[in-house]
Amino acid sequence: MTEAVKQYLKILRDKEYRTKRVEGGFDISPLVENYEKHGLEIPVIRFQEMIKREIPILFENDPFGFHRYQKKMPTFVLKNGKESWRVLAGNITPNYARVIGQGFDRVRDEIHGYLQSADEEQTKFYHAILAHLDAITDLAERYRAEAEKQGCKALADALTRLPAQPAVTFYEACVFFTILTYSLRVCGNQHMTIGRFDQYMYPYYQHDIQSGKTEEELLETLELFFISLNFDTDIYHGIQQGDNGQSMVLGGFDRDGNSMFNELSKLCMEASLELKLIDPKINLRCGKKTPQWLFDYATKMTKQGLGFPQYCNDDIAVPGLVALGYDYEDALNYTVAACWEYIIPNCSFDVPNIQTMDFPFVINRAIHAHLADAKTFDELMQFVKQAVREECDVIIDRANNSRHVSIPFLSLLVDGCLEKGKDMTKWAAKYNCFGCHGAGIAPAADALAAIKSLVYEKQSLKKDELLAALDADFKGYSALQNELLNCPKMGNNDDFVDDIANELMAEFSGYLNKKPNNRGGFWRAGTGSAMEYVRLAKKCPATADGRNAWEPYGSSFSPAITTKLEGPLSVIQSFTKFDMTKIINGGPLTLEVHDSVFRNEEGEKKVAQLVRAFIELGGHQLQLNSINRDTLLDAQAHPEKYPNLIVRVWGWSGYFCELDPEYQNHIIKRTEFSV
Amino acid sequence: MEKGIVFSIEEFSVYDGPGIRTTVFLKGCPLHCMWCHSPEGQSFAPEMIRSPNGCLHCDACIKKGIELTGQPQIVKESAAVCPRNLIRQAGDEYSVEELVVKLKKNAAILNASGGGVTFSGGEPLRQPRFLNACLKALDGVMHRAIQTSGFSSPRIFSEIMKNSDYFLFDLKLMDPNKHLYYCGQSNAVILENYRILAASGKEFITRIPVIPTVNDTEENLTATAAFMKENQVKKVELLPYHKLTGSKYAMTGRKYAPEFDETIPPQLHPEIFENYGIEVNVL
C-alpha cells in the first residue's frame, strides 16, 4: 500500500468528510411550471438546482473528488400536499464505457444530429439530456478550478479534458466513471452497479501498460478509486447501511469458452484484498473451466471475512438466461444487480426484484385450506401447486401497477434510448423484464416433508392436531414442535425433502418464466429473498417445519436457520439437485464456514475445492462466509471494539455494528449449527 | 453384522488428513487426557449433550430428568422437550452398511479433492471389529485414514494398518510416568505401535498436541524428536493448545479442571525438531 493510498484511506476512515456536508433538500416546487406526472420537467429542474448548489469538496491530494455536499435531494410537493415520488430505477448496470469513450462533446454532437429529425416528444427528451450534460460540465469546471487551487494536480489536469473529451488513461477513465456515478446519484438513482469493470476498463489498462506505466502504479490508481467508492455510501444506501449496489463482476468466459479473467481482474482482487473495504463488492464469474489457482486466490478473500467474492456459475447462468429469451451475446455479458440478480448490462431496464414469492406463507395458507381435504400427500401437493400458480397471477397483477418517473440521464447510459429519442421508462431499452424472488424455498419444502412423513406416512400426527398447534404457535405443543424440527430438512442431502423442494421450484419457474409483462418483457423466477427473509417472515405465522411465528427464514437459497446440518458437502448437494438453469433470476446458496478452516494454506485450498465442487455440481451462485460466532457475539456486546468487522448480509457486505439488531441476530443464529 | 457407536460425523474436516474429509468419531477412549477436547468421546455409553448456543435456559430438559429419575439431569427424553432442539444423543449405533451408505453419498466430492474418510474418536482402535469391517467395505471406494492415540494391542494395530491408507498418530508425552499421570495410561504400547507404523512404509503424519507446561518442555520435545529420528520420521505437526478446549465440557455435564495453567501460551520449539532434520507444520 503506497503512502497516497494510506492517506486517502485515513480520510475515509476518519469520516470527517461527512462534517463538510449540508442537509440540502430544498423545495423546488415554486420553480415547476408545467407539472406533468412522470414527466421530464421535474428530473431536469431537480438535477440542475441540486448541481448548482453543490460545492466542490476536496481533500489533500484528492484524486477523484465529487463528494456529496448536500445530503438530501431537493423535494417537490404536489398541490395536494403530498411529496412527489422520488424512487427511480435501480439494479442497473449502465453503459458507462460508451460515454467514457466518447466524451460529452461527441455525445452532444450525436444528440444534435438526432434533433434534426426529432418530433416534439423526442426533442423534449434530448433537451433534458443536454440540460444534464451542461449542469455536470459546469460542476466539473468548478471542481477543476478548486482542484487547481488546492494543488490536487492530477485531478485538475484530468478535468481540463474531462468530461468533454473521452478518457485516454486508466486514471482518467476512473475519474470519468466517478463523474457519471456521482451524477446518477444526484438524479436519485440507487443501486447503480459497477458491472464488468475488468472488461470495459481493460483497454485503458492496456493503454497505460503500453505507454510504460507499471503494474504497481496502476494498482495505486485502482486502490484510490476503490477507496473513493466508499465515500458517501451513508447517503445512498438501500434498506441497510452497506446495501448500496456497488457490485463489481470479474472474469467470465467468451463465446469460445476462453477465460476473460485478465490482469485487471487480478488487480481488482488484489486491491480488494489489501484494502478490506466493503466496496466494491466483488463477484467472480466462474465455471468448470476455471483454473484451481483462481479458486485458491479467491478463497483468500473469503478468508478475510468480507463475504467476497460471490461466485456466479457461467455454465448455468448463461444457458439459463438464453432459455428465458435473452440473446446469447447479451447473456454472455451478464452482470449482477446490487445483490445477485442476474442482469444484462448496458441495454436492459429489467426490474429483477419487483416481487417476491413468499413460499412459506403461500404454502402454509394452502396447508390450512386444504390439508383436511387432501386424502394423500400427492393430493396435498396438487393443492400446493395450484396455490403457487395463483400467487404467481397475483404477483403479475401487482407488478403491472408499478410506474416510474422519467430518468433522462440514466437513459443516456442505457443503449437504445438515445437512438429512439425515448426515455427508458417508456421502455426504450432492449429488455424490460421482471424478476421475482423465491423466498424461503427450504422451510417451505421442510414443512411439506414433515407433513408427508408424520401425517401421511407414519400417520402419527392428526391433521387437526397439526393445524391447532400451528394456530397456537406451538404453545402447549412443544413435543410436536420438536418432532417437526427433527423431520427431514433441505440441506442434508435427503431426497425425501429435496424432491419436494424441486417440485416447488419446478412449479414456480415453469409457470412464471417467460410470461409476458406489461412492458414488452418477460418474467423470470428466482431463488433470492433480499430482505424478505426477515421482513416477510415477520408476517408469516408458525409453519409445519417447526418454525415459530414471525421467525426469519434462511437468507435466499439456504437451509432453514433451525436446521441441524450434516455439513457443507450435504448442503451443496441438496441445493444443486434442481436444474438451476430453469430458475435463474438469482439468489445464492449461503454457506457459513468457521474461520478456523482458514488457519493455514492447506485449509484454504480445501475451501477452494469445496467451491469447485459446488460449481461442478451445477450450483448457480454461492456466497461463502467465514464466521466466528464468538467474535460476532462480542461485537454485539462491544461494538466499539469492532468498527471494521464486516459481514455478508443478504446480497452485500456491511459493517456488522451498523446493522439493525435483527439482522445481526440472524447472522449469529445462522452460526448455531454451522460447521 | 458388526455395529459401532459413533458420537459424531463431521463433513468437511480440513485438518484430518489429505483433501476434503468426512471424519467419523467413534465413541469411547482408553485414555483420559487432561486436555481432552471431546469429552463426549470418552465414555463408551451413549450420553445426552446440550449445545449451549441459543439455549433459552428454560430448564425443560432438566425438569424432564427430575420427572423421570428424580435427579436434575438431562435424560434421553429431554431431547423431545427442548423448544430449540439443542439436545442430542452422542453415541448412535451404526451398522457397517449404514455408515458406508452415508459416506458414499459424499464420495465423489471427497475423491475429487484427494480426500476421503478419517476415523477418529475417542479412540477408533477401541472398536476394532467395526472399524475393520468399515475399512474393508470402503476399500477402493475412498481414501481411508485413522486418527489415533496409538493405544491398542500391536496385533489390532497391525490389522487396522493393513486395511487403511493413512495414519494421524499422536505422540503426547515421552516419559511413561508422566504419560500415565496426564493421559491415564502408560505409553509403552503407543511407542511400540509407532515403531510398527514407521517401519511399515505406510503414509502417516505425527502429531503433537502442545500443552502448556505439560509436554512443551525442551526435555520432552527433544526426546520426541530423537524418537522420531530413530524411526526415520521427517515431518511433524504441532497443535498448540487452544483455550476453547474446555468449551464442550459444560454441555456434557462435566467440569473442565486441568491442573496446568491454560493461560500460558504453549512453547512450540520448532527448532528442536528442525535440529533433528524434522519439518514442522503448526496447525
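Can you give me the number of residues within segment B:238-270 that are outside any loop (DSSP other than H, G, I, E, B) and open to solvent by 80 Å² or more (accessible area, probe 1.4 Å)?
First, pick out the residues of segment B:238-270 that are outside any loop (DSSP other than H, G, I, E, B): B:238-240, B:243-248, B:250-252, B:270.
Next, from what is left, pick out any that are open to solvent by 80 Å² or more (accessible area, probe 1.4 Å): B:243-244, B:250.
Selection size over segment B:238-270: 3.
Say whether the condition of being in contact (Cβ under 8 Å) with a residue 40 or more places away in the chain, assigned to a helix (DSSP H, G or I) and not acidic (Asp, Glu) is met by at least one residue in segment A:524-533.
Pass one, segment A:524-533, residues in contact (Cβ under 8 Å) with a residue 40 or more places away in the chain: A:524-533.
From the residues that got through so far, the ones that are assigned to a helix (DSSP H, G or I) too are A:532-533.
Then drop every residue that is not not acidic (Asp, Glu), which leaves A:533.
Within segment A:524-533, one or more residues are in contact (Cβ under 8 Å) with a residue 40 or more places away in the chain, assigned to a helix (DSSP H, G or I) and not acidic (Asp, Glu).
What are the residues in segment A:609-634 that are more than 30 Å from residue B:116 (Cα to Cα) and touching a strand residue (DSSP E or B) at 6+ places or on another chain (Cβ under 9 Å), if any?
Passing the criteria: only A:632.
Residue check: is residue B:60 farther than 22 Å from residue B:255 by Cβ, of a type in the set (A, V, I, L, M) and in contact with a strand residue (DSSP E or B) (Cβ under 6 Å, 6 or more places away or on another chain)?
Details: farther than 22 Å from residue B:255 by Cβ: yes; of a type in the set (A, V, I, L, M): yes; in contact with a strand residue (DSSP E or B) (Cβ under 6 Å, 6 or more places away or on another chain): no.
Judged against the criteria, residue B:60 is not a match.
Quick one: is residue B:89 within 14 Å of chain A (Cβ to nearest Cβ), surrounded by fewer than 20 Cβ atoms within 10 Å (Cβ to Cβ) and not aromatic (Phe, Trp, Tyr)? Even if it seems obvious, please write down each step before you answer.
Values: within 14 Å of chain A (Cβ to nearest Cβ): yes; surrounded by fewer than 20 Cβ atoms within 10 Å (Cβ to Cβ): yes; not aromatic (Phe, Trp, Tyr): yes.
Yes; evaluated as a whole, the condition is true for this residue.
For segment A:186-227, which residues satisfy the criterion of being open to solvent by less than 20 Å² (accessible area, probe 1.4 Å), outside any loop (DSSP other than H, G, I, E, B) and in contact with a Leu (Cβ under 8 Å, 6 or more places away or on another chain)?
Scanning segment A:186-227 gives A:192, A:197, A:198, A:205, A:208, A:218, A:222, A:223, A:226, A:227.
Which count do you get for residues in segment A:462-476 that are within 23 Å of residue A:361 (Cβ to Cβ) and surrounded by fewer than 20 Cβ atoms within 10 Å (Cβ to Cβ)?
First pass over segment A:462-476, keeping only residues within 23 Å of residue A:361 (Cβ to Cβ): A:463-475.
If we keep only those that are surrounded by fewer than 20 Cβ atoms within 10 Å (Cβ to Cβ) as well, we get A:463-465, A:467-468, A:471-473, A:475.
So the answer is 9.
Kindly check whether there is at least one residue in segment B:197-207 that is of a type in the set (Lys, Arg), open to solvent by 30 Å² or more (accessible area, probe 1.4 Å) and either within 18 Å of the chain's Cα centre (by Cα) or at pLDDT 95 or above (or both). Quick ask: steps written out before the conclusion?
Let us first name the residues in segment B:197-207 that are of a type in the set (Lys, Arg), namely B:202, B:207.
Next, only the ones that are open to solvent by 30 Å² or more (accessible area, probe 1.4 Å) stay: B:202.
Going one step further and asking which of them are either within 18 Å of the chain's Cα centre (by Cα) or at pLDDT 95 or above (or both), we end up with B:202.
The answer is yes, given that some residue of segment B:197-207 is of a type in the set (Lys, Arg), open to solvent by 30 Å² or more (accessible area, probe 1.4 Å) and either within 18 Å of the chain's Cα centre (by Cα) or at pLDDT 95 or above (or both).
How many residues are over 22 Å from residue A:282 (Cα atoms) and within 12 Å of another protein chain (Cβ to nearest Cβ) if we restrict to segment A:604-638? Talk me through it step by step, then tell me what you get.
Within segment A:604-638, the first condition is being over 22 Å from residue A:282 (Cα atoms), and the residues that meet it are A:617, A:629-638.
Next, from what is left, pick out any that are within 12 Å of another protein chain (Cβ to nearest Cβ): A:617, A:629-630, A:632-633.
Going through segment A:604-638 one residue at a time, the tally reaches 5.
Within segment A:493-513, is even one residue crowded, with 20+ Cβ neighbours inside 10 Å, within 11 Å of chain B (Cβ to nearest Cβ) and either farther than 25 Å from residue A:619 by Cα or touching a residue at least 60 places away in the same chain (Cβ under 8 Å) (or both)?
yes
Is it the case that residue B:221 is at pLDDT 95 or above, in a helix (DSSP H, G or I) and not charged (D, E, K, R)? Don't jump to the end; show me each part of the working.
Numbers: at pLDDT 95 or above: yes; in a helix (DSSP H, G or I): yes; not charged (D, E, K, R): yes.
Yes: the conditions hold for residue B:221.
Write out, first by first residue and then by second, each pair whose Cβ atoms fall under 8 Å of each other, whose residues are 6+ apart or on separate chains, and whose first residue, in segment A:394-415, is more than 22 Å from residue A:436 (Cα to Cα) and open to solvent by 40 Å² or more (accessible area, probe 1.4 Å) while the second is outside any helix (DSSP H, G or I) and at pLDDT 85 or above.
Correct list of pairs: A:415/A:95; A:415/A:346; A:415/A:347; A:415/A:429; A:415/A:430.
Scan segment B:20-63 for residues that are on the phi > 0 side of the Ramachandran plot and either without any contact (Cβ under 8 Å) to a residue 24 or more places away in the chain or surrounded by 21 or more Cβ atoms within 10 Å (Cβ to Cβ) (or both) and jot them down. Quick ask: steps written out before the conclusion?
The first filter runs over segment B:20-63 and keeps only residues on the phi > 0 side of the Ramachandran plot, leaving B:28, B:54, B:57, B:59.
Answer for segment B:20-63, where residues must be on the phi > 0 side of the Ramachandran plot and either without any contact (Cβ under 8 Å) to a residue 24 or more places away in the chain or surrounded by 21 or more Cβ atoms within 10 Å (Cβ to Cβ) (or both): B:57, B:59.
For residue A:538, state whether it is more than 20 Å from residue A:581 (Cα to Cα), assigned by TED's automatic domain parsing to the domain that holds residue A:470 and not in a loop (DSSP other than H, G, I, E, B). Break it down into steps so the answer makes sense when it comes.
On the way: more than 20 Å from residue A:581 (Cα to Cα): yes; assigned by TED's automatic domain parsing to the domain that holds residue A:470: yes; not in a loop (DSSP other than H, G, I, E, B): yes.
The answer is yes for residue A:538.
I need the full set of residues from segment A:416-427 which are open to solvent by less than 10 Å² (accessible area, probe 1.4 Å) and of a type in the set (A, V, I, L, M, F, W, C), in order please.
Initial filter on segment A:416-427 (open to solvent by less than 10 Å² (accessible area, probe 1.4 Å)): A:417-418, A:421, A:423-424.
Answer for segment A:416-427, where residues must be open to solvent by less than 10 Å² (accessible area, probe 1.4 Å) and of a type in the set (A, V, I, L, M, F, W, C): A:417, A:418, A:424.
On the basis of being of a type outside the set (S, T, N, Q) and more than 27 Å from the chain's Cα centre (by Cα), does residue A:113 make the cut? Before you say what the answer is, go through the steps one by one.
Numbers: of a type outside the set (S, T, N, Q): yes; more than 27 Å from the chain's Cα centre (by Cα): yes.
Taking the combined requirement at face value, the residue satisfies it.
So for segment A:258-265 (the condition being more than 18 Å from the chain's Cα centre (by Cα), over 30 Å from residue A:70 (Cα atoms) and small (Gly, Ala, Ser)), does at least one residue qualify?
So far as segment A:258-265 goes, yes, one or more of its residues are more than 18 Å from the chain's Cα centre (by Cα), over 30 Å from residue A:70 (Cα atoms) and small (Gly, Ala, Ser).
The values are calculated or read from the model by the stated rules, or taken from the named source; none is laboratory data. Here the structure is a predicted model, which means the values were calculated and not measured. Note: ideal-geometry Cβ built from the backbone for every residue, glycine included; neighbour counts use all protein chains shown. Heads up: the accessible areas ignore ligands, DNA and RNA and are worked out on the full protein's heavy atoms, side chains in. Shrake-Rupley method; radii C 1.70, N 1.55, O 1.52, S 1.80 Å.
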